[in-house]
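Chemist: The structure follows.
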Amino acid sequence: MPGPIELRSARVRLAVTGGIAEGKSTVVAELERLGLRAVSADTVAKEVMEVPEILAEVARASGLATPLDREALRLNLASDPRSRRAVNAIVHGETARRLLSADADVAEVPLLIEACLQWAFQRVWVVTCGPVEQRKRMVARCGDEVLADRLIATQLPTTTKLAFADAILRTDREPSTVFEEVRRTAKAHGLVPSQR
């Protein structure tokens, strides 16, 4: 595997983070509509998880058989912190290397703080809808309250991530209000021309 990540390899200026189901993709989609190029850590991680050597390491670390059953892995990571740490150690490094060298202006990075990558970006935006709305969205998404709570618990609480924010964007509002806040914040941070 490659060596440590170096700051000079990062090209992406803005990281958008927050909890699961809190509206990060909505914010990033609006930034793309404003002309910014975006990359998703989840998409990059999926690419990394197609590398046969990494899949074999992940299967060993999580105690699962090969070929790797993705649903079994997801349930395993939601319920076993030791397995989650081992798999994250395998996947996060390569994901971060690919993400930071992407030809993009903004990166959607759900586990930015958990992976200690906030240093690699000029700005960090934290997206939040609040814990009550987040749980409601997760239950609607996965159809199971227990699983929703487990998945939310696999990440740092968004209230912890707020300490790292250059901007906080709330998505528990009307979409037009959210989009206007994204535009205003992007202009204030010099990401888009002020006339847009």
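Chemist: Does region 107-129 hold any residues that are within 12 Å of VAL27 (Cβ to Cβ) and over 12 Å from the mean Cα position of the chain (by Cα), and which are they?
Modeler: Within region 107-129, THR128, CYS129 meet the criteria.
Chemist: Filter region 111-137 for residues that are assigned to a loop (DSSP other than H, G, I, E, B) and of a type in the set (Gly, Ala, Ser) and give the result. Lay out the reasoning, then the answer.
Modeler: To start, the set of residues in region 111-137 that are assigned to a loop (DSSP other than H, G, I, E, B) comprises 111-117, 121-122, 129-130.
Passing the criteria: ALA115, GLY130.
Chemist: Follow-up. VAL182: more than 19 Å from ALA45 (Cβ to Cβ), touching a helix residue (DSSP H, G or I) at 6+ places or on another chain (Cβ under 7 Å) and β-branched (Val, Ile, Thr), yes or no? Outline the logic, then answer.
Modeler: Values: more than 19 Å from ALA45 (Cβ to Cβ): yes; touching a helix residue (DSSP H, G or I) at 6+ places or on another chain (Cβ under 7 Å): yes; β-branched (Val, Ile, Thr): yes.
So VAL182 passes the test.
Chemist: Restricting to region 92-108, name every residue that is crowded, with 18+ Cβ neighbours inside 10 Å and not small (Gly, Ala, Ser).
Modeler: HIS92, GLU94, THR95, ARG97, LEU99, LEU100, ASP105, VAL106, GLU108
Chemist: Looking only at residues in region 138-196 that are hydroxyl-bearing (Ser, Thr, Tyr) and assigned to a loop (DSSP other than H, G, I, E, B), which one is surrounded by the most Cβ atoms within 10 Å (Cβ to Cβ)?
Modeler: Just the residues of region 138-196 that are hydroxyl-bearing (Ser, Thr, Tyr), to begin with: 154, 158-160, 171, 176-177, 185, 194.
Then keep just the ones that are assigned to a loop (DSSP other than H, G, I, E, B); that gives 154, 171, 194.
Numbers: THR154: 15, THR171: 24, SER194: 8.
The selected residue is THR171.
Chemist: Here's another thing I want to ask about it. Could you tell me whether any residue of region 71-88 is in contact with a Ser or Thr (Cβ under 9 Å, 6 or more places away or on another chain), of a type in the set (A, V, I, L, M, F, W, C), crowded, with 18+ Cβ neighbours inside 10 Å and without any contact (Cβ under 8 Å) to a residue 24 or more places away in the chain?
Modeler: Within region 71-88 (the criterion being in contact with a Ser or Thr (Cβ under 9 Å, 6 or more places away or on another chain), of a type in the set (A, V, I, L, M, F, W, C), crowded, with 18+ Cβ neighbours inside 10 Å and without any contact (Cβ under 8 Å) to a residue 24 or more places away in the chain), the answer is yes, since at least one residue qualifies.
Chemist: In region 141-196, which residues are farther than 17 Å from GLY35 by Cα and aromatic (Phe, Trp, Tyr)?
Modeler: PHE164
Chemist: Mind counting the residues in region 109-125 that are surrounded by 21 or more Cβ atoms within 10 Å (Cβ to Cβ) and of a type outside the set (A, V, I, L, M, F, W, C)?
Modeler: Summing the residues that are surrounded by 21 or more Cβ atoms within 10 Å (Cβ to Cβ) and of a type outside the set (A, V, I, L, M, F, W, C) in region 109-125 gives 1.
Each reported figure results from applying straightforward, stated rules to the coordinates on display, with no laboratory input. Just so it is clear, the structure is predicted and the values come from calculations on it, not from any experiment. Cβ: placed from backbone, ideal geometry, glycine included. Neighbour counts: every protein chain shown.
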